[in-house]
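Please treat every number below as a calculation from the coordinates, not as lab data. Being a predicted model, the structure only gives us computed values, none of them experimental. Neighbour counts run over all protein chains shown; Cβ positions are idealised from the backbone, glycine included.
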């Protein structure tokens, strides 16, 4: 297997309520999709280096729900959930994303549009996260999400590449 592309996700802020994440993976699109949408595989990458996934549930259909829970270093629990809005395997997935650790979490849900394209056996991910307003977007940025996301994306690549 060729070298992975560790730590290469980029984060930009295209609008006041948006976060755009882009990253290249050294794995074919169908394997990145499989690792991203299969509960047992999500358990291997979602926590990055920050803990361990204790639960990953995915009902991959429009209207289906998902929920991931990790025990972070220090023993506290982190959980997110959402609903699938659009599914066009293996190229596009649209879902809500709710962080359960804040007051009134549903009111601060994000909408995540993930697109995968492939060229020469490599996959390019584009993930647009849209929030209600700038305050919600800025709270996500301030949470330290970029470091955790980099680790998760690195692990996602390793898992996807291991499936070939």
I need the calculated FRET efficiency for the pair residue 100 and residue 12, taking r as the beta carbon distance and R₀ as 25 Å, to the nearest 0.05.
0.40
In Å, descending, principal axis extents of the Cα set of region 22-157
44, 30, 26
Most exposed first, judged by fewest Cβ atoms within 10 angstrom, 125, 156 run 125, 156
With the 8 Å Cα cutoff and a minimum separation of six or more residues, the chain has a relative contact order in percent of 30 percent
Give me the angle, in degrees from 0 to 90, between the Cα long axis of helix 145-162 and the longest principal axis of the Cα atoms of the chain, rounded to the nearest 10.
30 degrees
Neighbour counts of other C-beta atoms within 10 Å: give me 76, 25, 84 arranged from fewest to most.
76, 84, 25
